[in-house]
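**Q** Quick one: structure below, then a few questions.
Read-outs: derived from the displayed coordinates by stated rules, not from any lab. Nothing here was measured: the structure is a model prediction, and the numbers come from that model. In this analysis, Cβ positions are derived from the backbone assuming ideal geometry, glycine residues included, and neighbour counts consider all displayed protein chains.
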Amino acid sequence: MTASILQSPARPVSRRRRLNRSSPAGYVPLILSAAVIVIPLLWMAIGSLKTSDEVVTQRLVLVPSHPSFAAYQTASELVDFPRLFLNSFIVTFVGSLVKIVLAITSAYGLVFVRFPFKRIIFLGILVALMVPSQAALLPNYTFIASLGGVNTYWGIILPGLGTAFGTFLLRQHFLTLPPELLEAAEVDGAGHFTRLTRIVVPVSRPTIATVALVTIVTEWNDYIWPLVITNSQQMMTLPVGLTLLHNTESDPSLYPVMMAGAVLVVLPVLIVFAVLQRQIVAGLTQGAVK
Amino acid sequence: MTFRPGVRGLDRRAFLGLTGAVGVGAAVTACGGPIVTKNGSGTSSTIKPPDFSGVKPASKITFWTDNPGSSQQVTQQIIDKFTAQTKIQVELVTAGSNYDQIAQKFQTARVGGGVPDLIVLSDVWWFRYYLQGSIIPLDTALTAAGIDPDDYVPTFFNDYRYGGHQWAVPWARSTPLFYYNKNHWRTAGLPDRAPMTWEEFSEWAPRLQSVTGRTGAQHAFEYTSSVNTPAWVDQSMLWGEGAALSAADSFKLTIDAPEVVSVFQRIQDNIRVHKWAIMAGSNEANDFSAGAASATWGSTGSSVGIQKTATFEIGVGFLPGGSKVRQPVCPTGGAGLGIAAQSSPAKQLAAAKFIAYLTNAENTVTFGEATGYLPVRTKVDTAALRKANPLVGTPLEQLARTRSQDWARVFIPGADTAMTQSITQICNSGADVHKTLTQLQETVQGLYTRQVEPKIS
């Protein structure tokens, strides 16, 4: 890679040719960054198939000698996974859906609707983005608990619904849309709702997909709030349920079991990403060439 | 989504509770555990155990546990049998993965509601609950549930006595053990037993260290990691030298006494000068199971997991004695069961009945088989236990050599966390031992003066 950069001023090549010339060295950063992300996950997946003495060991065991799903079996004996999956699914589905709808409508309002104090409201949203959710944990808990929200779905979902991130991202995107598009629709007699659903949402699909992906992943992986607001196993989400696999006393034999549990938590997120990533990649290149 | 704000909004009491909880939260960050913020039912002289005459046990209770020793399954089995016999339902709630988490959750629940009826209490937590008045004295409840206190192992049972009342019942109780790798012992040509004294082990350890090239070990010995409350087992070495963290049955601290300093100086020298020991990075039981340490010490509660994982023959023995005291030098540890003060008398009675069942002679053995914890009753058939866990014989015999822990560690809120920090500094950062322990003494004295003294005098 260094070589090609050094050569380029001396012997200018056309942009197209330079793009086509693939240098093997160019793969190095790609492979490195992929490895940083993939290896821990892969190690976890392999670990879940090992016996505990292959995990807790001084030797490097790359491939388990007797791969087995015993750890998965133990994990599902310890934890009611179908119930946890159901809880996580309900919380993530309802939570993300409401969050995304709220983000789209509020961003639309901030960009395309004229009303006083718009900038101040937007500033308020930005401020909310700066406050870490941990800071609001305790007030949220006492408030939701006094409303009777402990161990309920709405108790888990409600405090996280306001999403400054989604509103902010979508607002910035909506600002880039050509005003002519909406003016034309307005001339044709389209109201706000029609303009939102027929024009703004379809042309913003990639951005919405990005917001959706981030929201779904955050909701699915959220740990601290569901941990605080639930204490019944019947209402725990998957990440919280994983604590059931952990042990107070040092128990080295539990490592494969914990890894098996973690694999089960990660899998659905990977599937969602596989489905949505096509949208996101499409969105990155869209509009790059006019 | 039935969300109706304002129906039961924040009233004044809830708001005061909130400010209290904020105090708790601040303390969590400060010392790793909630502090005592309130004295619920006064001092011991005014305490009256609840009257259970005419009370009928409730049909459903909630039990908060952290499943010590992976005990979730076996506890559920015992619960199912109990429900079949008594028609009392027990909801088993995993309210955290260690004693601190469960304690924090219990504190939050006292403010926000949803307090359990029965809760697991570790050795360093129950006294705080007593100070706060969040658990009831069990004397009358035990009688009402037909529990005979004389049937329990005395050291275990008496650990929870204070001010003339019983505050908890032993359940998942353990003692530390000396674990050694028999292969490494053989390679080093050592006799197949645990050392009798630390003096003896300091002769053995260099021999173990010299054969690490053949055994694959990194150190002859690993001290308890900072995540596993090192002060618990370290008391054993202090007692062996006639020292202690505090004078017997009192809050008179002796942390900066010369004998204590010399014991910790020896630990530091073994790590930094002689280099045959180390403080475990995350978990001494893992490193021992992996063969990275030739020996370590740790709870009997880990013995089942270690046996499942280790591929070599494990030896266990009593904790070594010191130069002044050979025995008793073994602390007891683990958890007991307490009943929440906020719960109703009917539920408290049901909880007491469940305690009686959970810790009866048969179930304490069933529980011990599955987890490695020791039976808490005296009249038990240990044959099954010895068969299920061949290592259990040693801790059972060691029970006669146990000693109740120093008040400085178990009764002063936050003291154990402060001790962990100081021990970590001494072992890992090479901090000056005398200076560190003098500071620790001041810190713990401050915790006592602020949080304990006003509530017991």
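**Q** Distance between Cα centroids, region B:328-362 to region B:87-143: provide it in whole Å.
**A** That distance is 10 Å.
**Q** What does the average come to when, for each residue of peptide B:426-432, you count the partner chain Cβ atoms lying within 10 Å of its Cβ?
**A** Details: counts 0, 0, 0, 0, 0, 0, 0.
Counting other chains' Cβ atoms within 10 Å and averaging over B:426-432 gives 0.
**Q** From the mean inverse distance of alpha carbon pairs (Kirkwood) and the Cα radius of gyration, derive Rg over Rh for region A:78-285.
**A** Values: Rg = 20.2 Å, Rh = 19.2 Å.
Rg/Rh: 1.05.
**Q** Rounded to the nearest 500 deg cm²/dmol, what is the calculated helix-only ellipticity per residue at 222 nm for chain B, with -39500 (n - 2.57) per DSSP H run of length n ≥ 4?
**A** Details: 21 runs with 202 residues, N = 457.
Theoretical 222 nm ellipticity from helices: -13000 deg cm²/dmol.
**Q** Within chain B, which complete DSSP H helices have Cα atoms spanning at least 27 Å along the helix axis and a mean Kyte-Doolittle hydropathy of 0.5 or higher? Could the numbers behind the result be given before it?
**A** Numbers: long enough: B:12-31 (29 Å, 1.12).
The answer, listed by residue number, is B:12-31.
**Q** In the protein assembly as shown, what % of DSSP beta bridges are antiparallel (nearest 5)?
**A** Values: 25 of 42 bridges.
Antiparallel: roughly 60 percent of the beta bridges in the protein assembly as shown.
**Q** Moving to a separate point now. May I ask what percent, to the nearest 5, of DSSP beta bridges between residues of chain B are antiparallel?
**A** Numbers: 25 of 42 bridges.
That works out to approximately 60 percent antiparallel.
**Q** Separate question: Work out the mean other chain Cβ neighbour count within 10 Å for the residues of A:49-56 and drop it here as an integer. Intermediate results must be reported in sequence, preceding the final value.
**A** Numbers: counts 0, 0, 3, 8, 8, 2, 4, 15.
Shielding by partners across A:49-56 averages 5.
**Q** Which residue, A:V203, A:V113, A:V187, tops the fluctuation ranking in a GNM of chain A built on C-alpha contacts under 10 Å?
**A** Most flexible of the set in this elastic network: A:V187.
**Q** Could you grab the relative contact order for chain B? Cα pairs under 8 Å, six or more apart, rounded to a whole percent.
**A** On the way: 843 pairs, mean separation 111.6, N = 457.
Relative contact order here is 24 percent.
**Q** Report the local net charge at B:Q235: Lys and Arg +1, Asp and Glu -1, summed over other residues whose C-beta lies under 12 Å from its C-beta.
**A** Working: positive: B:R403, B:R409; negative: B:D123, B:D234, B:E241, B:D406, B:D416.
Spelling it out: positives minus negatives among the neighbours equals -3.
**Q** List, in order, the whole-Hz ³J(HN,Hα) value for each residue of region B:312-327 obtained from phi through the Karplus relation with A = 6.51, B = -1.76, C = 1.60 and θ = phi - 60°; use x for Gly and Pro.
**A** With coefficients 6.51, -1.76 and 1.60, one gets 10, 7, 9, x, 10, x, 5, 5, x, x, x, 7, 9, 10, 7, 7 Hz.
**Q** Below 12 angstrom from the Cβ of A:T92, what's the summed charge of the other residues (Lys, Arg +1; Asp, Glu -1)?
**A** Details: positive: A:K99; negative: A:E219, A:D222.
Charge balance in the 12 Å sphere: -1.
**Q** To continue, here is another question. With the Cα gyration tensor of region A:22-146 in hand, give its eigenvalues times 5 under a square root as the equivalent ellipsoid semi-axes, listed largest first in whole angstrom.
**A** Values: eigenvalues 388, 141, 45 Å².
Ellipsoid semi-axes (Å, largest first): 44, 27, 15.
**Q** Averaged over its residues, how many other protein chain Cβ atoms are within 10 Å of peptide B:60-70's Cβ atoms? Could the numbers behind the result be given before it?
**A** Numbers: counts 0, 0, 2, 0, 1, 1, 5, 8, 3, 4, 12.
Averaged over the peptide's residues, the number is 3.
**Q** Another one. Note down the net charge around A:L238, summing +1 for each Lys or Arg and -1 for each Asp or Glu among other residues with Cβ under 14 Å from its Cβ. Can you show the working numbers first?
**A** Details: positive: A:R83; negative: A:D80, A:E219, A:D222.
Computed value for this residue: -2.
**Q** Hey, another quick one. What shape does region B:228-269 have by the C-alpha gyration tensor, where a ≥ b ≥ c are the square roots of the eigenvalues, rounded means a/c under 1.5, and otherwise prolate means a/b greater than b/c and oblate the rest?
**A** On the way: a/c = 1.91, a/b = 1.32, b/c = 1.45.
Taking the square roots of the gyration eigenvalues as a ≥ b ≥ c, region B:228-269 is oblate.
**Q** While we're looking at this one, here's another question. Run down the aspartates and glutamates and flag those whose C-alpha is under 15 Å from the C-alpha of A:K99, throwing out any fewer than 8 positions away in its chain.
**A** A:E219, A:D222
**Q** A follow-up question, please. Which whole-number value in Å³ per residue fits the convex hull of the alpha carbons of the protein assembly as shown?
**A** Values: hull volume 164.3 nm³, N = 747.
Enclosed volume per residue, from the Cα hull, is 220 Å³.
**Q** Taking only C-alpha pairs under 8 Å that are 6+ residues apart, what is the relative contact order of chain A in percent?
**A** Values: 242 pairs, mean separation 88.5, N = 290.
Answer for chain A is 31 percent.
**Q** Determine, for each peptide in B:54-61, A:139-146, A:173-180, B:222-229, the mean count of other beta carbons within 10 angstrom over its residues, then list the peptides with the highest first.
**A** The densest-packed peptide leads the list: B:222-229, A:139-146, B:54-61, A:173-180.
**Q** Using r as the Cβ-Cβ distance of B:Q73 and B:A248, and R0 as 41 Å, what FRET efficiency do you calculate, to the nearest 0.05? Can you show the working numbers first?
**A** Working: r = 40 Å, r/R0 = 0.98.
Calculated transfer efficiency: 0.55.
**Q** Taking only DSSP H segments of four or more residues, each worth -39500 (n - 2.57), what value at 222 nm results for chain A once the sum is divided by all its residues, to the nearest 500 deg cm²/dmol? Please report the intermediate quantities before stating the final value.
**A** Numbers: 15 runs with 189 residues, N = 290.
That calculation yields -20500 deg cm²/dmol at 222 nm.
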